[in-house]
Amino acid sequence: MINQAAIDAFKAGLRGALIDPQSPDYNAARKVYNGMIDRRPRLIARCADVADVIAAVGFAREHKLLLAVRGGGHNAGGLGVCDDGLVIDLSPIKYVRVDPKKKTIVAGGGCLWGDVDHAGHAFGLAVPSGIISTTGVAGLTLGGGIGHLTRRCGLTIDNLLAVDMVLADGRFVTASAKENPDLFWAVRGGGGNFGVVTAFTFKAHDVHTNYAGPTLYPLEDAAEILRWYSKFIVKAPNELNGFFAFMTVPPGPPFPAPLHLKKMCAVVWCYSGPLKKAEQVFKPIRAFKKPALDLVGPIPHPALQSMFDGLYPPGHQWYWKADFVRELSDEAIALNVKHGSQLPTMQSTMHLYPIDGAAARAKNSATPWSYRDAKWAQVMVGVDPDPAKKDVISAWARDYWTALHPYSAGGAYVNFMMEEGEDRVRATYGKNYVRLAKIKKRYDPSNLFRVNQNIKPK
Ligand SMILES: Cc1cc2nc3c(=O)[nH]c(=O)nc-3n(C[C@H](O)[C@H](O)[C@H](O)COP(=O)(O)OP(=O)(O)OC[C@H]3O[C@@H](n4cnc5c(N)ncnc54)[C@H](O)[C@@H]3O)c2cc1C
């Protein structure tokens, strides 16, 4: 029990709000994106600035409270919220500063990717991120960051220049290649294990209008498409990205009525090179097989980045399973087709995200991201708005993963994992785990930051 006087003093010192179970907005404030997560924190500190973050970290440390840190609240396992402890909610720390001359973008720790896409687009600049604009900049970046620009620009962490952080002992530091380089190494994939990041500085790229969108194919052709796609994408120019998906066609525009609610397979393309070359780049794709639907065309970057937002509003039930994949053998393709054809609900899906091209330039030891030699990050996600479907979607994702895991590289992208225990975290960081554990000991010896894919201090 924390005494009320201590809570009152903490609250009085904050510029942002302190929410407790008696606050009228408590239930809204404790919700995260995944409707399956239902946790009841003791306190939620909506931090308005770095001073609030320092105070909140200090309060958790002093009162030995379990501490969760929330950026965009998108984490599959609900790692932005905890039971009984304190949540540091960074959502008020939302600002973006674009430097068009240096081509850098600074984003506050509570930004969503839509904030960065919007601000950068005015200058024809973008930072490689994910495929949904409501995802938090913080969690996605700290875990790695895969999206439409991965093959051209690398992972999000490959474009991270510096972070401002509040450490477990309350110190405020900058980490970059020059300052605290060990910490800078660790945050580029090591998640929220090392402190609270209050600002990110990114290198930005010239990206304005992409030639992008999905091509859809009949499910009966899935094995042929997968075989072709897996050989094609790894040889394609880096400006071309394309992730493979099993999907159910949503029942509305821009999809034609005869395809509505049909299970199909697709590749979601993004060519971010010069538009005048785009048709040429797509020639072999269109020559290979005429898609049942071809929605690829010029699209402004923020529109592409938010293309799936409507399909995936907050509050649905989500169950994730993931792995890294080095190659797609015929047996693996057959199993993918078997399980991918059994999508249990309209929003459930399987994505194979390419992580070759620019993302494969760095060595496995360059950052904690330990699978630079893998070709894809695979994720099976059971999704549905109805809580009654929770078991069905979870079982489908688990069965799919169980069948394919023997063909995988071993670990998974941390941002595509639920809470799956220490062995999975170790498998994910591979040889980098020991170095991460040492840095963790240096910066967070008491494991204050443990509501995450946890690296134990050693
Ligand atoms: C619909 C959807 C689509 C997605 N698409 C992609 C995609 O295309 N590419 C991709 O790479 N990932 C994708 N993801 C996964 C996403 O990267 C993770 O869910 C990520 O954890 C989300 O970050 P967040 O800040 O929103 O999450 P949160 O739940 O707020 O936090 C996630 C983790 O990061 C830590 N954390 C958050 N903020 C901070 C901070 N400021 N300082 C320190 N630690 C912090 C938290 O403690 C927690 O452990 C997607 C997720 C969803 C739900």
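The values are calculated or read from the model by the stated rules, or taken from the named source; none is laboratory data. Keep in mind that this is a model prediction, so the values were computed, not measured. We place every Cβ from the backbone using ideal geometry, glycine too, and count neighbours over all the protein chains shown.
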Can you find a residue in the stretch 175-182 that is within 28 Å of residue 52 (Cβ to Cβ), crowded, with 24+ Cβ neighbours inside 10 Å and more than 8 Å from the ligand (Cβ to nearest atom)?
-> yes
Would you point out the residue of the stretch 136-147, among those that are near the ligand (Cβ under 6 Å from one of its atoms) and part of a helix (DSSP H, G or I), that is nearest to the chain's Cα centre (by Cα)?
-> 140
Candidate set from the stretch 115-129 (those that are part of a loop (DSSP other than H, G, I, E, B) and surrounded by 24 or more Cβ atoms within 10 Å (Cβ to Cβ)); member that is nearest to the chain's Cα centre (by Cα) = 129
Looking only at the stretch 211-233, decide whether some residue is hydrophobic (A, V, I, L, M, F, W, C) and within 16 Å of the ligand (Cβ to nearest atom).
-> yes
Of the criteria (1) away from the ligand (no atom under 13 Å from the Cβ); (2) closer than 28 Å to residue 61 by Cα; (3) touching a helix residue (DSSP H, G or I) at 6+ places or on another chain (Cβ under 7 Å), which one residue 105 fails = (2)
Just give me the residues in the stretch 10-29 being part of a loop (DSSP other than H, G, I, E, B) and buried (at least 18 other Cβ atoms within 10 Å of the Cβ), in sequence order.
-> 14, 16
From 120, 124, 145, 114, which residue is touching a Ser or Thr at 6+ places or on another chain (Cβ under 7 Å) and more than 12 Å from residue 306 (Cα to Cα)?
-> 145
Of 456, 389, 438, which residue is farther than 28 Å from residue 226 by Cα, touching a Pro at 6+ places or on another chain (Cβ under 8 Å) and charged (D, E, K, R)?
-> 389
In the stretch 287-302, anything farther than 24 Å from residue 115 by Cβ, in contact (Cβ under 8 Å) with a residue 40 or more places away in the chain and in a helix (DSSP H, G or I) is listed as 288
Given the structure, is residue 322 touching a helix residue (DSSP H, G or I) at 6+ places or on another chain (Cβ under 6 Å) and at pLDDT 95 or above?
-> yes
Hey, can you tell me all the residues within the stretch 311-334 that are buried (at least 16 other Cβ atoms within 10 Å of the Cβ) and in a helix (DSSP H, G or I)?
-> 332, 333
In the stretch 73-93, which residues are in contact with a helix residue (DSSP H, G or I) (Cβ under 6 Å, 6 or more places away or on another chain) and of a type outside the set (Val, Ile, Thr)?
-> 75, 86
Pairs where the first residue, in the stretch 303-314, is more than 9 Å from the ligand (Cβ to nearest atom) and the second is of a type in the set (A, V, I, L, M, F, W, C), C-beta under 7 Å, 6+ apart = 304/212; 304/270; 305/113
For residue 133, work out the one condition from (1) hydroxyl-bearing (Ser, Thr, Tyr); (2) within 13 Å of the ligand (Cβ to nearest atom); (3) surrounded by fewer than 21 Cβ atoms within 10 Å (Cβ to Cβ) it doesn't fulfil.
-> (3)
Test residue 122 against the stated conditions and say whether it is of a type in the set (Gly, Ala, Ser) and within 12 Å of the ligand (Cβ to nearest atom).
-> no
From the residues in the stretch 57-85 that are within 12 Å of the ligand (Cβ to nearest atom), of a type in the set (A, V, I, L, M, F, W, C) and not in a loop (DSSP other than H, G, I, E, B), which one is surrounded by the most Cβ atoms within 10 Å (Cβ to Cβ)?
-> 69
Single residue of the stretch 395-419 satisfying the filter (within 23 Å of residue 188 (Cβ to Cβ) and touching a Gly at 6+ places or on another chain (Cβ under 8 Å)) that is farthest from the ligand (Cβ to nearest atom) | 410
Of the residues that sit in the stretch 423-458 and are away from the ligand (no atom under 16 Å from the Cβ) and of a type in the set (A, V, I, L, M), which one is nearest to residue 366 (Cα to Cα)?
-> 434
